[in-house]
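Everything on this sheet refers to the single structure shown next.
The values are calculated or read from the model by the stated rules, or taken from the named source; none is laboratory data. This structure is a prediction, so every number in the text was calculated from the model and none was measured. Please note: Cβ atoms are built from the backbone with ideal geometry, for glycine as well, and neighbour counts cover all protein chains shown. Accessible surface areas use protein heavy atoms only, side chains included; no ligands, DNA or RNA. Shrake-Rupley method; radii C 1.70, N 1.55, O 1.52, S 1.80 Å.
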Amino acid sequence: MRIAIDNSTHVLVLTGAGISAESGVPTFRDAGGLWEGHDVTAVASPEGFEADPLLVWRFYSQRRAAMTGIEPNAAHRALVELEHRLGDRFLLATQNVDGLHAAAGSERMVEMHGGLMRSRCTRCDRHPFADTTAYKPNVAPLCGQCRGRGVDALLRPDIVWFGERLPAGVLDRIEAFVSTAGRRLVFLAIGTSGLVHPAAGLVDATRQVGGTSWLVNLERPANASQFDHVVLGPAAHELPGLLV
Ligand code: BJW
């Protein structure tokens, strides 16, 4: 099976945790996933952070530390090649915060749920900044800029938690791409359980403009019937052949 791509095809790719699984990054909801043994609200909501910032920082510091030595895989690289072929007729919307698409060389990309290796202040409007620190278990880091003004303000990971808005401009860019593409749109979702909105709504948006949808996933997720084509298997194995 191959995805038909001609000179007018626009490809919107949505990636989830499954695309990074073969690089060694755990998914969220699979057995042995990141949330196993965690109350999701405690580690992935603003309320959880407010209640116990040390717990949340421990969770994200462990994930930062676990990224050491992790590299993009054949699926990340196949998307870079596709982007080189299509130019502005390509857009990658990733739910992942692991930075592996950028490490592989993807450029036409939006990060829907933030970035693991960035932090931001909970109080001031300082721009999110690169931060690879895995903080010690008893440390919730403070904003240096606020401290300079005599105020103690917590830093937080630059992650979009449940109930929070996506970063400014992200949905606008995706919606503009979909509406420009219209019937020429191919929507390709890879390694995502399709449970989290607004990402989960992109397959509907594709149908509404008359585009075609593909899903590449290890297992058949609950929303599989919404897609025109479903390919089951590991992304790093399946994707390169689909895009030749
Ligand atoms: C493989 C594989 C291999 C394994 N190859 N495949 C509409 C309806 C209902 C609810 C809502 C709605 N709109 C909004 C909501 C609320 C909420 C939501 O969606 N709730 C649902 C759970 C019901 N959404 C939000 O709150 C979002 N915000 C929002 O909409 O704001 C609106 C707003 C407006 C005005 C004011 C204020 C707000 C924000 C969502 C943020 C999600 N953040 C998280 C956690 C933080 C990131 C982090 O800690 O790293 O992002 S949730 C978590 O799930 C993470 C992921 O990006 C996301 C998706 O998970 P993903 O990637 O699909 O992973 P898994 O583990 O679920 O699945 C992996 C898949 O891969 C599996 O299927 C495997 O089989 C497969 N796989 N190995 C291929 N080798």
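The residues in the range 49-73 that are surrounded by fewer than 17 Cβ atoms within 10 Å (Cβ to Cβ) and within 14 Å of Ile19 (Cβ to Cβ) can be counted, and the count is 2.
For Gly37, indicate whether it is assigned to a loop (DSSP other than H, G, I, E, B) and over 15 Å from the mean Cα position of the chain (by Cα). Here the answer is yes, as Gly37 does meet what is asked. Applying the set (1) at negative phi; (2) open to solvent by 30 Å² or more (accessible area, probe 1.4 Å) to Gly163 leaves exactly one unmet item: (1). Note on the range 78-103: among residues that are in contact with a Pro (Cβ under 9 Å, 6 or more places away or on another chain) and within 25 Å of Asp6 (Cβ to Cβ), the one that is most open to solvent (accessible area, probe 1.4 Å) is Glu81. Got at least one residue in the range 18-30 being outside any loop (DSSP other than H, G, I, E, B) and over 17 Å from Ala103 (Cβ atoms)? Checked the range 18-30: at least one residue is outside any loop (DSSP other than H, G, I, E, B) and over 17 Å from Ala103 (Cβ atoms).
Consider the range 1-32 and keep the residues that are closer than 25 Å to Ala176 by Cα and of a type in the set (Gly, Ala, Ser). The one that is least open to solvent (accessible area, probe 1.4 Å) is Gly16. Annotation note: of Val25, Val40, Val97, Val56, the sole residue that is within 15 Å of the ligand (Cβ to nearest atom), modelled with pLDDT under 95 and not acidic (Asp, Glu) is Val40. Counting only strands (runs of 3 or more DSSP E) that sit completely within the range 147-244, those holding 2 or more residues that are more than 16 Å from the ligand (Cβ to nearest atom) correspond to 185-190.
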